1. One residue is enough: does the range 196-208 have a residue meeting the conditions open to solvent by less than 70 Å² (accessible area, probe 1.4 Å) and modelled with pLDDT under 75?
2. Could you list all residues from the range 62-74 that are open to solvent by less than 30 Å² (accessible area, probe 1.4 Å) and farther than 13 Å from LEU97 by Cβ?
3. How many residues does the range 90-113 hold that are within 14 Å of HIS128 (Cα to Cα), touching an Asp or Glu at 6+ places or on another chain (Cβ under 8 Å) and not polar (S, T, N, Q)?
4. Looking at the range 130-151, which of its residues are open to solvent by 20 Å² or more (accessible area, probe 1.4 Å), in contact (Cβ under 8 Å) with a residue 24 or more places away in the chain and not β-branched (Val, Ile, Thr)?
5. GLY55 versus (1) closer than 18 Å to TYR138 by Cβ; (2) out of contact with any helix residue (DSSP H, G or I) (no Cβ under 8 Å at 6 or more places or on another chain): which is the lone unmet condition?
6. How about the range 105-125: which of its residues are buried (at least 16 other Cβ atoms within 10 Å of the Cβ) and at pLDDT 85 or above?
Amino acid sequence: MGRQIQGLLYFFINDIRYSLIIFWTILLSVLIVSLAFAYFLITVENGVMAFSLTGPIYIYCAIFGFLTVKEAVPFSLKMGATRKNLFISLGIFFLALSFAKAVVGSILQEIIEGFAVGVGISTFSFLHLAYFTTDTWYTRILIDTSIIFFFLAFMFMIGLLFYKYGIAGGGIVLGILVIALLVGIAKGWVFDFFTKLLVTFNLGFFFQLLAVGILIYAVSYVFLKRITVVKVK
């Protein structure tokens, strides 16, 4: 059991390495261009170049969580992995990936902010949810880890639904979620939720979000343990 989990983790790490290189290459290239733009081109009084480092990370991890079902899960099963070990391995990998992405993002932000101060760029800033709480290195890591893991778990669950029940089954679930969202907007529940969230916004919310992500991932085992290598179309 232990060796199989180690083997699966090794496979997941090697499988994601290429896409991580491409992702960070593109993101860092855009970041460098944004810094150059802030340094050379912004002449408007009180003008600021705002850059979201974590936004693209969230999107990347959401897509990765969905594609994991299509690519990594059937390959692992074909290689003889048990569904229980696959579930444990993916959970460890998702948590590790969430934490690693959060740490790298926070370190990179610290480096860029220090560089901007050193060269006199005062028109560049990062956008981050930590600004609404206590903006420290640790709070950014907590916030990013919880959000990234939630997206990984949620999209992994959606991917399982599409894989197991096909486009029709997954589409029905997404349709129900969209209808529920629209009803919530029409009834004012969504507005009330976000209003209350803004009033009581604190780090406790992200602990709760992480717990919800863990719960979603735990529920995904119900679908994962019955999954086959044959995808339903």
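The values are calculated or read from the model by the stated rules, or taken from the named source; none is laboratory data. All values derive from a computational prediction rather than experimental measurement. Virtual Cβ from ideal backbone geometry, glycine too; neighbours counted across all protein chains shown. SASA here: full protein model, heavy atoms, side chains in, ligands and nucleic acids out. Shrake-Rupley method; radii C 1.70, N 1.55, O 1.52, S 1.80 Å.
1. yes
2. Within the range 62-74, VAL69, VAL73, PRO74 qualify.
3. 2
4. Answer for the range 130-151, where residues must be open to solvent by 20 Å² or more (accessible area, probe 1.4 Å), in contact (Cβ under 8 Å) with a residue 24 or more places away in the chain and not β-branched (Val, Ile, Thr): PHE132, TRP137, LEU142, PHE150, PHE151.
5. (1)
6. Answer for the range 105-125, where residues must be buried (at least 16 other Cβ atoms within 10 Å of the Cβ) and at pLDDT 85 or above: GLY105, SER106, LEU108, GLN109, ILE112.
Rundown of residues vs (1) exposed (fewer than 15 other Cβ atoms within 10 Å of the Cβ); (2) under 23 Å from the mean Cα position of the chain (by Cα); (3) not in a helix (DSSP H, G or I), yes/no style:
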| site | (1), (2), (3) |
| --- | --- |
| LEU8 | no, yes, no |
| ILE22 | yes, yes, no |
| VAL30 | yes, yes, no |
| LEU35 | no, no, no |
| TYR60 | no, yes, no |
| ILE88 | no, yes, no |
